[in-house]
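These notes are about the structure you will find just below.
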Amino acid sequence: MKMCTVVTGVVVWAVVGWPQGIVAESVWMPSVQQQFSDTTYGCLICHAEKRRTFTMGIHAEHGMRCHDCHGGDPSSFERGPAHSGRFLGDPDKLETVQLCSSCHADANQMRQYGLPAGQLAEFRTSRHGRLLLERGDQNAPTCTDCHDAHTILPREDARSNVYPTSIPATCAKCHDDAAMMEEYGIAVDQFRQYRESAHGKAVFERANLAAPTCTGCHGSHAALPPGVSEIVNVCERCHVLVGRAFRQGPHDRATRDGALPGCMGCHSNHGTEGVPPEGIASLCANCHAPDSRARLVGVEFEEQIVRARQDLAAAEYALEEMAQAGRQVSDERFRYRTALTSYREMGQVHHSLDMGRLEDLGRQVRSDTELIRATAEAEAEGRWERKLILLPIWFLALSGIVFAWFRLRELER
Amino acid sequence: MIKKWLPQFWEDLRTSADAGLLGVARFVGLLYGPIDRNLRIDEAWRKALRYRLAEHVGWRHALGGITYLLLMVLVVTGVLLAFYYRPSVDEAYPSIQHIVSEVSFGWLIRDLHLWCANLIVIVALAHMARVFFEAAYKPPREMNWIVGLALLGVALAFGATGYLLPWDQWAYWTVTEVLDAVALIPLFGGLLADAIKGDVIASGATLSRFFALHVIVLPWITLALVSYHFTLIRRRGLAPPMTVDDGGRKWWLSGVGVGEQPHGGRPFFPNHLLRSFGVAVLTLAVALTLAVLFPRPVGEPANPYVLPNELVSTWAPVDVSLALIRFTGIWGLALFSLLGVGLILLPVFDRRPERGLRQRPVAVALGTVFFVGFLAAWLAGRQIRSVPPSERPQPEVVGEQAEQLQELPLPDLGPTPPVPNPEDSGRRR
């Protein structure tokens, strides 16, 4: 509303002020509004409603105007001549790709903005691009379906459709449409799964913009699901230490032989989640026979990790108890952090299935947490012993009261 | 040598010392009644011990004495705590940890201080109730009722300022809550809250103010008021038993017995002193037991940026307000406070000589509601673990910025993703 009034006011002011020679330079005004208050720009006579959406975008900020994309003659005030010449009224999907890439595929033009120029090349390799460019499939998205036609915002802008927290909803516009996806045999529950996943929670609940959205794994312009052989590489880009451990273990060989779908052997794709410690052994049973050696190793793994977690929980409780009693616990807290680091390392190392290292780390967790618990126990015992002071207190008090009582009775008889 | 020197010293002392010095002993409750300053100090002492109290002085009159005993315990433990406590944002919390875990018997001193602060409010109110129901506040003793109320106010101020000193999350956020509530008082509330805080939030400035009030300003006010309270008791005397008409005499002298009632009443020494001793020992034992068995936990260090998960209140008036707000709403608290103010103003209006309970049903009914209500609310409030308010205004986008944001149709990130209409799924225009 406010902006509307401002723009109207500026238009009125410009109409009145122009003949008198009062020009806009003398007064501060946002450059974009100044530019669009120009009454000599013919497009606005009919398409006034597009002005507002367009001026919010990054293109208007850099001085682009309607005719830069749509062509025609903006100096004419009538429909016929205005829509003449090189004119592109309402570009279809394919024309949109051509139109955008006429600038955005040109590295010479993009350099000044620090933008990559490879989007078109990437788009050609994507499933979206192949459907649109090769088959002319009208369901496939074109540039404007994700970036909007007029309000095109940089991806750093939180209002943008391609801001990290908005990307899942942008993709879901089509990928949640069961009727449309049926044609391509694609499931439609990715968005629901993602929102429940560790990644989704990081993005939506903790606003962790470093966590991957759809494009983090699938790519944006080159969108494609990673192949089986690529999964480990994709996950490893963020989970570096887990990936390193995985590559030292037998599951990596199985993946390379094509027997195991990499990380997805144990974790799911859109609903990515950590496997809870007590679920490890049953997960192994999905592939390994119940009495096989591998299965027994899984049980041992589970025991180690569950035990370490219990140790940590007990240490945390002991810490809390000591802090509440007023003890300075910075040493113990530091020790707890050390134990926690070892525990987290267990979570990485066990991907290599190296039992020896896992046991070492488990021992470290145990020794650190045991020390905290022992300290807390000694403290609690000391606090209990303090209560014994009540014995002499009440002995003295009762003797005093009894003495006073008998003495009084004697006196008042 | 010593055998000769000691009696000489004693002789010098008793001939030179002023009998008025016995006022000190009287101030702490070891003597009673007027001190004859014409006598030598030892004779004045012996004479004072021979005084008798009025016959009707009973156990119920001990409540005032218990309040005073608790005050003395608070002074002693407070001084001991001040040896170790450091009133600054950086050091307050660690110094409490130090007191509780490293100083010998620091934990006992601290919890004794805390429990006496609780008990003093309860016992002072019980004392007030006794005075109220016995109509001892009626002329000529109305001034002492006012002074007593001022002392209650001072006790509450002591508790309120002491509450912040541990500088942990519970202390910090309870004080913040209370100051926010103070700021809501019309007209002067905001100014008052700012003056108390000395900063835009409760901070180091607030801590310094509260400490100075707690250990410098309030103790002197207390000393003055307590002295005046005792003087008035001696001047106006204790109220006579309710069955006796108070109208005829100007006042009932309490510390008498010398001339007027040579054999009536109860001897101060040793009878009354023995009773005081018994009560004092019992009070101390109860306070110590509570302190040993129910220590105040040390919360997390105060952090203005993080709300605690729950607030644990540790002081009777906070418990009472909590319970009243929880069970009767904010208007219940306001009404209850109004009732309290009504009781304060009672002596101004209620000046008739009737003293029997049946002759003043309204006052008795109001008093019962207040005192019983306070006790019930205290016991209920101790069970409440309040959650700090989530309605605290969070920083949000306001004004022009918000309007601009609303102008763009943003994709909805709510519980369900926007399911596009198949007709416009291809094109947006």
Going from the fewest other Cβ atoms within 10 Å to the most, one would list A:331, A:360 as A:331, A:360
Of the listed pairs B:138/B:197; A:201/B:197; A:173/A:201; A:93/A:173, those with alpha carbons more than 28 Å apart are B:138/B:197; A:201/B:197
The base-10 log of I(q)/I(0) that the Debye equation returns for chain B at q = 0.10, 0.11, 0.13, 0.14 Å⁻¹, one scatterer per C-alpha, is -0.85, -0.98, -1.24, -1.36
Taking every other residue with Cβ under 13 Å from the Cβ of residue A:236 and scoring Lys and Arg +1, Asp and Glu -1, one gets +1
Cα pairs beyond 35 Å in the protein assembly as shown, in percent, come to 69 percent
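To the nearest whole number, what is the average tally of beta carbon atoms from other chains within 10 Å of the beta carbons of peptide B:274-282?
Partner-chain Cβ atoms within 10 Å, mean over residues of B:274-282: 5.
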Pseudo-spin-label distance residue A:228 to residue A:341, built 7 Å along Cα→Cβ, given in nm, is 4.0 nm
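Given a cut-off of under 8 Å on Cα pairs at least six residues apart, what relative contact order in percent is computed for chain A?
Computed value for chain A: 9 percent relative contact order.
Rg to Rh ratio, the range A:280-389, alpha-carbon atoms and Kirkwood radius?
Details: Rg = 17.7 Å, Rh = 15.4 Å.
That ratio is 1.15, to two decimals.
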Over chain A, the sum of -39500 (n - 2.57) across DSSP H runs of at least four, divided by residue number and rounded to 500 deg cm²/dmol, gives at 222 nm -18000 deg cm²/dmol
Distance in Å, no decimals, from the C-alpha centre of the range A:374-400 to the one of the range B:1-45 is 41 Å
Amide H neighbours of residue B:53 at under 5 Å, excluding residues fewer than 5 places away on the same chain, with H built from the backbone geometry, are B:266, B:268
The extension gain from residue A:117 to residue A:159, computed as 0.36 nm times the residue separation minus the Cα-Cα distance, is 12.8 nm
For residue B:311, the residues 5 or more places away or on another chain with a placed amide H closer than 5 Å to its own amide H are B:386, B:387
So, with points 7 Å from each Cα along the Cβ direction, the residue A:206-residue A:401 label distance in nm works out to 5.7 nm
Only helices counted: for chain B, with every DSSP H run of 4 or more residues adding -39500 (n - 2.57) and the sum spread over all residues, [θ] at 222 nm is -19500 deg cm²/dmol
When B:41, B:66 are arranged by how many other beta-carbons sit within 10 Å of their Cβ, fewest first, they go B:41, B:66
Note: probe point = Cα of residue A:88 + 7 Å toward Cβ; backbone nitrogen < 12 Å; residues of the range A:131-154 passing the test are A:143-144
For B:6, B:273, ascending order of other Cβ atoms within 10 Å (fewest first) is B:6, B:273
For the range A:227-272, inverting the pair-averaged 1/r of distinct alpha-carbon atoms gives a Kirkwood value in Å of 10.5 Å
Neighbours of residue B:105 by Cβ distance under 12 Å: Lys/Arg at +1, Asp/Glu at -1, summed charge 0
Once phi for every residue in the range B:216-233 is put through the Karplus expression 6.51 cos²θ - 1.76 cosθ + 1.60 (θ = phi - 60°), the whole-Hz ³J(HN,Hα) values, with Gly and Pro written as x, are 10, 6, 4, x, 5, 4, 4, 4, 4, 5, 5, 4, 5, 4, 5, 4, 5, 4
Rounded to whole angstrom, the alpha-carbon centroid of the range A:341-355 lies from that of the range B:199-232 at a distance of 58 Å
Rounded to whole angstrom, the alpha-carbon centroid of the range B:95-117 lies from that of the range B:287-318 at a distance of 13 Å
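Where a number appears in this text, it was derived from the coordinates with a stated rule and is not lab data. On a predicted model such as this, the values are computed, not experimentally measured, just so you know. With ideal geometry, Cβ positions are generated from the backbone for all residues, glycine too; neighbour counts draw on all protein chains shown.
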